Amino acid sequence: MPRCIQFVTDRAISPSAPVYTDQEPVAIAQGTERTVKVLSLTIQPHPASHHHRILSPIFPDNVAQYFRIIPHGRQAPAGKEDRVSDKGMSLSGNRVVVIGGATGVGFAVADLARAQGAEVVVASRNEAKIHAAVERLGSATGRTVDLRDEAQVADFFGALGSYDHLVITAGDWDLPMFGTLSDLDLGQARELLTVRFWGVLAAAKYGAKSIAAGGSITLTGGMLAHRPGKGTVMATTMAGAIEFLARGLAMDLAPVRVNAVCLGLILTEIVKQRPEAALQSMVAPLPVPRAASPTEAAKAYVYLMTNAYVTGQILPVDGGGMLV
Ligand SMILES: NC(=O)c1ccc[n+]([C@@H]2O[C@H](COP(=O)([O-])OP(=O)(O)OC[C@H]3O[C@@H](n4cnc5c(N)ncnc54)[C@H](OP(=O)(O)O)[C@@H]3O)[C@@H](O)[C@H]2O)c1
């Protein structure tokens, strides 16, 4: 009978992912170039393996020193990563969590991730909206969470368990986002950052604890970070803050990858409520002179989730807006 050794350190891999010693299909490989720490894991070393002697419950960090841990089925073993395969670029077997997934871009991300084989969890504040999203998605689960409330965010991730990718598209539209500085109410300006900045930071903080090895976080920014105009001071600030947050987190949370999608005009339900003429004037100067569909935006998130060598990047989906 294989001996079981448990150890605890500060990063998670999915408890459901089988883990093998180097005597089995390579899931733990010797090497020091890249390390993954494990939150709680039972290892069943092959009786003939000498490596299990290093896996001590007393010195858990030794694991990171001597082994590269690869959850079986989630990452290709070293040396086999160059080959292009559908499996490598799909989300099959991954658990994807989308906060803001009830509607709009987040819903499209959830839908595309589900179509690529992911187990999807959609979350937002409103239970009825989450219920409707789960119904439309067909196979997904839903949970409520309000990013304005740190305790709720902590509880949400505490109850969620291990997962692979976190996408955050949450954004509220309750307060006016546009207006010139002279008219700006500073109290409202502070509140504007509650969900789109502080809420995102809270989600990253609590969510990072249970992301599996090879996992990622993808945030959401917008083109106004790069193309400010009269009256966009707060929208520009929020979008810019997200980009720098993604870059900072990419270093701080490594090897978890962190990126952001920079959205141009995406034709979600909320955007469709704006006057057609206003939308037309925004897209007319673009090299691709139209708004994007939510699915076109979603493809960028899926790319950032599936390309395991991309981190700290800002990916525009903007119809060429950066060029004009
Ligand atoms: N669409 C565009 O053209 C565009 C362009 C640039 C940037 N963006 C940004 O992209 C994001 C998504 O936009 P969208 O058009 O898809 O908007 P959307 O359809 O309104 O989606 C936003 C989602 O966030 C959820 N949400 C709001 N407040 C929340 C909170 N406190 N906690 C948790 N979830 C919350 C909402 O659901 P509940 O009401 O159930 O909470 C909703 O499902 C927004 O942050 C937006 O600023 C969009």
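The values are calculated or read from the model by the stated rules, or taken from the named source; none is laboratory data. Everything numeric in this text was worked out from a predicted model, so none of it was measured. Virtual Cβ from ideal backbone geometry, glycine too; neighbours counted across all protein chains shown.
Brief remarks follow.
- Residue within segment 102-118 that is charged (D, E, K, R) and under 24 Å from PHE197 (Cα atoms) present: no
Rundown of residues vs (1) under 28 Å from TYR309 (Cα atoms); (2) near the ligand (Cβ under 9 Å from one of its atoms); (3) within 22 Å of the chain's Cα centre (by Cα); (4) assigned by TED's automatic domain parsing to the domain that holds LEU192, yes/no style:
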site	(1), (2), (3), (4)
THR220	yes, yes, yes, yes
LEU224	yes, yes, yes, yes
PRO228	no, no, no, yes
MET234	no, no, no, yes
ARG274	no, no, no, yes
GLN280	no, no, no, yes
THR295	yes, no, yes, yes
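- Subset of segment 244-272 that is among the small types (Gly, Ala, Ser) and under 18 Å from HIS226 (Cα atoms) - its residue that is farthest from the ligand (Cβ to nearest atom): ALA246
- Yes/no for ASP183 being acidic (Asp, Glu), in the same structural domain as TYR301 (by TED's automatic domain parsing) and either more than 14 Å from the ligand (Cβ to nearest atom) or surrounded by fewer than 18 Cβ atoms within 10 Å (Cβ to Cβ) (or both): yes
- Qualifying residue in segment 157-165 (condition: free of Cβ contacts under 8 Å to residues at least 60 places away in the same chain, touching a helix residue (DSSP H, G or I) at 6+ places or on another chain (Cβ under 6 Å) and crowded, with 17+ Cβ neighbours inside 10 Å): yes
- Helices (runs of 4 or more DSSP H) enclosed by segment 190-279 - at least 3 residues per element that are over 23 Å from GLY161 (Cα atoms): 233-252, 269-272
- Annotation: ALA300 fulfils all but one of (1) in a loop (DSSP other than H, G, I, E, B); (2) in contact (Cβ under 8 Å) with a residue 24 or more places away in the chain; (3) not polar (S, T, N, Q); the unmet one is (1).
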